[in-house]
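The values are calculated or read from the model by the stated rules, or taken from the named source; none is laboratory data. On a predicted model such as this, the values are computed, not experimentally measured, just so you know. Methodologically, a virtual Cβ is constructed for each residue, glycine included, from the backbone with ideal geometry; neighbour enumeration extends over all protein chains shown.
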Amino acid sequence: MKTLAKKSAIWLAYLGVLLGLPLLFDSILAITIFNQMAIAIIFALSYNMLLGQGGMLSFGHAVYFGLGGFMAVHTLVMIEYETVYFSIIYIPLIGGLIGLLAAVFIGSFSTHKAGTVFAMISLGIGELVAASSLIFVSFFGGEAGVNADRTYGPAFFGIEFFQDSEIYYLGAAWVFIATLFMYLFTQTPAGRMANAVRDNPERAEFIGYSARRVRFISFCAAGFFAGIAGGLFALNYEFITEENLNAVTSGRVLLMAYIGGLGYFIGPIIGAVILTLMNSLLSNYTELWMLYLGIMFVLTVLFLPRGFAGFIMMHRTAWIRGKLGSLLLPYLITGLPALVFAIAGVAMIEMLHHEGEVFHFLGIPLESANLSHWLMCTVLAAIAYLGCKRSLPQLREAWESANAIDEAGEEREAS
Amino acid sequence: MLEVFIFSTLNGLVTGLLLFMLASGLTLIFSMMGVLNFAHASFYMLGAYFAYSISLHLGFWMGLIFAPLIVGILGAVVERFALRRVHAHGHVAELVFTFGLAFLIEEAVQFFWGPDTKNYQSPDILDFPLFTLFGQEFSAYRGFMIAISVGIFIGLYYVLTRSRIGIIIQAAITHPHTVANLGHNVPFIFMGVFGVGTALAGVAGVIAGPVLTTFPGMAVVLGSIVFVIVVIGGLGSLGGAFIASLLIGLLQSYAIASNVGMPDLLNLVGLEFSRDHPLTDLWTLTLPQIAPILPFLLLVLVLIFRPTGIAGKREQ
C-alpha cells in the first residue's frame with residue numbers, strides 16, 4: 001500500500017507540474033515551447049517502448065507519427081466541411097488509431113526478428129514511406145504538406161481552441177493520459193514479457209512465449225502512441241509536411257530517447273524536455289546549435305551510455321546511504337574546470353564561425369582576427385583541461401567511498 | 001532503344017561500382033565488429049571535401065592520394081578512441097554512436113565548408129569523350145571511375161585471399177582469440193581494417209565528388225542505399241556486396257531511363273481512369289518516378305523473404 005501511495009503522489013505531482021507550468025511561465029514563447037514538449041514527450045516515450053523496453057532499434061518511427069498526423073489534419077479538414085461532426089479534442093485518438101493500423105500492418109512482417117534485421121526493415125520502411133509521400137500528392141500534399149483549421153467543429157464546454165494556451169491544456173491532458181497508459185503498459189504481463197524478450201528471446205521462447213508476438217504487441221502499442229503524438233502535432237501546428245515522417249524526425253526521436261536514458265521510464269521525458277529546450281532556446285543564441293547538439297549526443301553515447309536519467313540514478317546508492325553530500329565538493333572541483341573547458345571550446349568554435357567580425361560571447365567581445373583572443377582561449381582551455389585531469393582521481397575516490405558497500409551492507413542486501 | 005539501353009547500362013555500371021567501393025568497406029567492418037557503421041557514407045563525404053580543398057592548391061591527383069589517407073587516419077582514430085569504448089556497451093550503443101557520428105560529421109562539414117555546393121571539378125586531362133556511340137559521348141572521367149573501382153575490387157580481392165595480411169584478417173574475423181594467441185595484435189588489426197574501410201569510402205568520395213556534386217547532403221543521399229546493398233548482398237559477404245551494388249546501380253539506371261508507368265500497364269489490361277479519380281496519383285505513377293524507392297522496396301522484400309541476403313551466411 002505504501003508504494004501505491006508513493007506512486008500516486010508521483011503521478012499527482014506530474015499532473016500538478018503539467019497544469020502549473022503555464023501559470024509560472026505565461027509568455028507566448030513559453031507556451032509554444034511547452035506545446036512542443038508535450039508532443040515530444042509522447043513521441044519519445046512511445047519510441048522507448050520499442051528500443052528501451054522491447055529492444056527493437058527503429059530508424060523509422062516517424063512513419064507512425066507522420067501518418068497519424070496526416071490523418072489528423074485530414075480529419076480536421078473533414079470537420080471544417082462538416083463531413084464528420086465531433087469535437088477536436090478526440091483528434092489525437094484518430095492519429096493514434098491510424099498509427100496503430102500502420103503498426104499492425106508493418107509489424108506483421110517486421111517483428112520476426114529483433115536486432116539488425118529489424119533495424120534495417122524499419123530503415124527501409126521509413127525511406128519507402130517518406131519517398132512515397134512525395135509521390136502521392138493528393139494525400140500528402142507534396143513538399144508543401146497539408147493544412148487545416150482547428151477552430152471549427154463543436155466547442156468543448158465553450159472552448160474553441162483559438163489560442164495556443166487552450167491547446168496546451170488539451171495537450172497536457174493527452175500527455176498525462178498517454179504517459180499513464182504507457183507506464184501501465186510496462187506493468188502488464190505484455191510489458192514485462194517485452195523486457196524478457198529484449199534480454200533473452202531464447203529463454204522467453206522456452207517458457208512458452210512467442211518472442212515474435214510479444215514484439216508485435218509492443219510494436220503496435222508504440223505505433224499507437226506515436227500516432228497520438230502525431231495527432232497532437234497536427235492540432236498544435238494545424239499543418240503537417242513530408243518532413244514529419246522522414247528520417248530526420250526518426251533520428252530526432254532516437255536522439256531524445258537516448259540522451260534522456262533508455263533504461264528508465266522517465267528517461268525519454270527528460271530527453272524530450274532537454275532537446276526541445278535546446279531546439280528552441282539555443283537556436284536563438286547561435287546558428288551552430290545543431291553542431292553542439294551533435295557533439296552533445298556523441299559525448300552522451302561515449303560517457304553516459306545510460307543517458308541523463310541513468311546519470312541521476314547512478315547516485316541512488318549514495319543517496320540511500322546518505323553520502324550524497326560527500327560527493328558535492330569533488331563534483332564542483334572537477335565540474336568547474338570542465339565547464340570552463342567547454343566554454344573556451346565553444347568560444348573558439350564561435351570565433352571560427354564569425355570569421356572577420358566582432359561578436360559578443362557571454363558579454364565579452366571576441367574577434368577571430370585578434371590573435372590574443374585565440375591565445376587567451378587556448379590557455380584557458382589548457383589550464384581547465386589540466387585542472388580537470390588532476391582532480392579526476394579524487395572524484396573517483398570520493399565516488400568509490402560513497403558507493404563502497406561494507407560487509408554488513410552486503411549481508412543486508414542479500415537477505 | 002539500343003542506345004538508351006547501352007548508356008543506362010554504362011551509367012548503372014559507374015554507379016554500381018561506386019556503390020561497391022562504399023559497400024566493400026562497410027561489409028568488411030561489419031564482419032569484423034558485427035556493427036553497421038552509419039557514419040560510413042559520412043567518411044565518403046569527408047573524402048570529397050578534403051579532396052576539394054586539396055585540389056584547390058595542389059590539383060586533383062594530389063587530392064586522390066592524400067584525401068583518402070586523411071580519411072583513413074580519421075577513421076582509425078574514431079575506432080581507437082571512440083568505437084572501442086562504446087563497444088563495451090553493446091551493439092545498440094555502437095549503432096547509435098555511429099548514427100550520432102554521421103550527424104556530427106554533417107554538421108562539422110557545414111561548419112568548416114559552409115552549406116553551399118562546392119565547385120569540385122574533374123581534372124582537365126580527363127575532360128574528353130572516351131568514345132562516341134549513336135552520337136552520344138561517354139566521358140573519359142566515367143571510364144576512369146570504372147577503372148579505379150575495378151582496380152580496387154581486384155586489389156582488395158587479391159589482398160584478402162592471397163596475401164598473408166589478408167589471411168590474418170580473415171582469421172581475426174572468425175577466430176579473434178586464436179589469432180591473438182598466435183601473437184597477432186587483434187585490436188590493431190581491427191583498427192587497421194576500419195581505417196582501410198573508411199579510406200576506401202574516402203576514395204569513392206574523391207572520384208564521385210565531381211560527378212555527383214559535393215554538398216553537405218551527399219552522405220545522406222548515398223548512405224541509406226549503401227546500407228541496402230550490404231543487407232541485400234548478405235551481411236559480411238564481399239561477393240554478395242559486389243553483386244548487389246551492380247544490381248542496384250543498374251536497376252536505378254534502367255528505371256530512370258525507362259518511360260513505362262501505370263497508365264501503360266492499365267492500358268494493357270484495358271482499364272482507364274479519369275484524372276479526377278481520388279487515387280489519381282497511383283494510376284499515373286511512372287517507373288522513373290519510383291526509381292529512388294526501388295532499392296528500399298527490394299530491401300524490405302529481401303529482409304522478409306531471405307533475411308540472409310544473396311550470399312549471407314545462415315544465422316546461428
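The one condition from (1) part of a helix (DSSP H, G or I); (2) among the small types (Gly, Ala, Ser); (3) more than 14 Å from chain A (Cβ to nearest Cβ); (4) buried (at least 16 other Cβ atoms within 10 Å of the Cβ) that B:Ser122 does not meet is (1).
From the list A:Arg212, A:Arg252, pick out the single residue that is touching a Lys or Arg at 6+ places or on another chain (Cβ under 9 Å) and part of a helix (DSSP H, G or I).
A:Arg212
Every listed requirement among (1) more than 25 Å from A:Tyr209 (Cβ to Cβ); (2) within 14 Å of chain B (Cβ to nearest Cβ); (3) not in a helix (DSSP H, G or I) is met by A:Leu128 save one, (3). Considering every residue within the stretch A:226-239, establish whether at least one is more than 24 Å from A:Leu93 (Cβ to Cβ), free of Cβ contacts under 8 Å to residues at least 40 places away in the same chain and assigned by TED's automatic domain parsing to the domain that holds A:Ile79. No, the stretch A:226-239 contains no residue that is more than 24 Å from A:Leu93 (Cβ to Cβ), free of Cβ contacts under 8 Å to residues at least 40 places away in the same chain and assigned by TED's automatic domain parsing to the domain that holds A:Ile79.
Among the helices (runs of 4 or more DSSP H) contained in the stretch A:295-388, which hold 1 or more residues that are small (Gly, Ala, Ser) and at pLDDT 85 or above?
A:307-313, A:325-353
Residues that are under 25 Å from A:Thr300 (Cβ atoms), polar (S, T, N, Q) and surrounded by fewer than 23 Cβ atoms within 10 Å (Cβ to Cβ) do not occur anywhere in the stretch A:211-234. Checked against the criteria, B:Ser237 counts as modelled with pLDDT under 85, surrounded by 17 or more Cβ atoms within 10 Å (Cβ to Cβ), among the polar types (S, T, N, Q) and more than 18 Å from B:Leu46 (Cβ to Cβ).
Of all the numbered requirements in (1) in contact (Cβ under 8 Å) with a residue 40 or more places away in the chain; (2) not assigned by TED's automatic domain parsing to the domain that holds A:Gly99, A:Val17 misses one, and that requirement is (1).
Among residues belonging to the stretch B:92-150 that are in contact with a strand residue (DSSP E or B) (Cβ under 7 Å, 6 or more places away or on another chain) and among the small types (Gly, Ala, Ser), point out the one that is modelled with the highest pLDDT. Break it down stepwise before answering.
From the stretch B:92-150, those in contact with a strand residue (DSSP E or B) (Cβ under 7 Å, 6 or more places away or on another chain) are B:117-118, B:120, B:129-131, B:137-140, B:143; that's our starting set.
Add one more test, that the residue is among the small types (Gly, Ala, Ser), and what stays is B:139-140, B:143.
Numbers: B:Ser139: 79, B:Ala140: 81, B:Gly143: 84.
By that ranking, first place goes to B:Gly143.
Determine whether A:Ala344 is farther than 26 Å from A:Gly60 by Cβ, away from every other protein chain (no Cβ under 14 Å) and touching a residue at least 40 places away in the same chain (Cβ under 8 Å). Even if it seems obvious, please write down each step before you answer.
On the way: farther than 26 Å from A:Gly60 by Cβ: yes; away from every other protein chain (no Cβ under 14 Å): yes; touching a residue at least 40 places away in the same chain (Cβ under 8 Å): yes.
It is true that A:Ala344 is farther than 26 Å from A:Gly60 by Cβ, away from every other protein chain (no Cβ under 14 Å) and touching a residue at least 40 places away in the same chain (Cβ under 8 Å).
The set of residues in the stretch A:89-132 being over 24 Å from the mean Cα position of the chain (by Cα) and hydroxyl-bearing (Ser, Thr, Tyr) consists of A:Ser108, A:Ser132. Scanning the stretch A:313-332 for residues that are touching a residue at least 40 places away in the same chain (Cβ under 8 Å) and either more than 20 Å from A:Ala384 (Cβ to Cβ) or buried (at least 18 other Cβ atoms within 10 Å of the Cβ) (or both) turns up A:Met313, A:Thr317, A:Ala318, A:Arg321, A:Lys323, A:Leu324, A:Ser326, A:Leu327, A:Pro330.
Quick one: is A:Ser401 surrounded by fewer than 16 Cβ atoms within 10 Å (Cβ to Cβ), modelled with pLDDT of 75 or more and touching a helix residue (DSSP H, G or I) at 6+ places or on another chain (Cβ under 8 Å)? In short, yes.
In the stretch B:86-94, is there at least one residue being more than 9 Å from chain A (Cβ to nearest Cβ), surrounded by fewer than 21 Cβ atoms within 10 Å (Cβ to Cβ), more than 30 Å from A:Asp199 (Cβ to Cβ) and not polar (S, T, N, Q)? No, that holds for no residue. Quick one: is A:Gly271 in a helix (DSSP H, G or I), closer than 30 Å to A:Asn147 by Cα and either away from chain B (no Cβ under 11 Å) or at pLDDT below 90 (or both)? Here the answer is yes, as A:Gly271 does meet what is asked. Of the residues A:Ser210, A:Ser283, A:Ser250, A:Ser218, the single one that is within 14 Å of chain B (Cβ to nearest Cβ), under 26 Å from A:Lys113 (Cα atoms) and among the hydroxyl-bearing types (Ser, Thr, Tyr) is A:Ser250.
To keep it simple, each residue is scored yes or no on (1) within 14 Å of another protein chain (Cβ to nearest Cβ); (2) part of a helix (DSSP H, G or I); (3) not β-branched (Val, Ile, Thr).
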site	(1), (2), (3)
B:Gly151	no, yes, yes
B:Tyr157	no, yes, yes
B:Thr161	no, yes, no
B:Ala180	no, yes, yes
B:Pro187	no, yes, yes
B:Ala199	no, yes, yes
B:Gly202	no, yes, yes
B:Val228	yes, yes, no
B:Val231	yes, yes, no
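Which is over 30 Å from A:Arg198 (Cα atoms), in the same structural domain as A:Thr186 (by TED's automatic domain parsing) and crowded, with 22+ Cβ neighbours inside 10 Å, of A:Met78, A:Met56, A:Met49, A:Met71?
Values: A:Met78 fails: crowded, with 22+ Cβ neighbours inside 10 Å; A:Met56 fails: over 30 Å from A:Arg198 (Cα atoms); A:Met49 fails: over 30 Å from A:Arg198 (Cα atoms).
Selected residue: A:Met71, the only one of A:Met78, A:Met56, A:Met49, A:Met71 that is over 30 Å from A:Arg198 (Cα atoms), in the same structural domain as A:Thr186 (by TED's automatic domain parsing) and crowded, with 22+ Cβ neighbours inside 10 Å.
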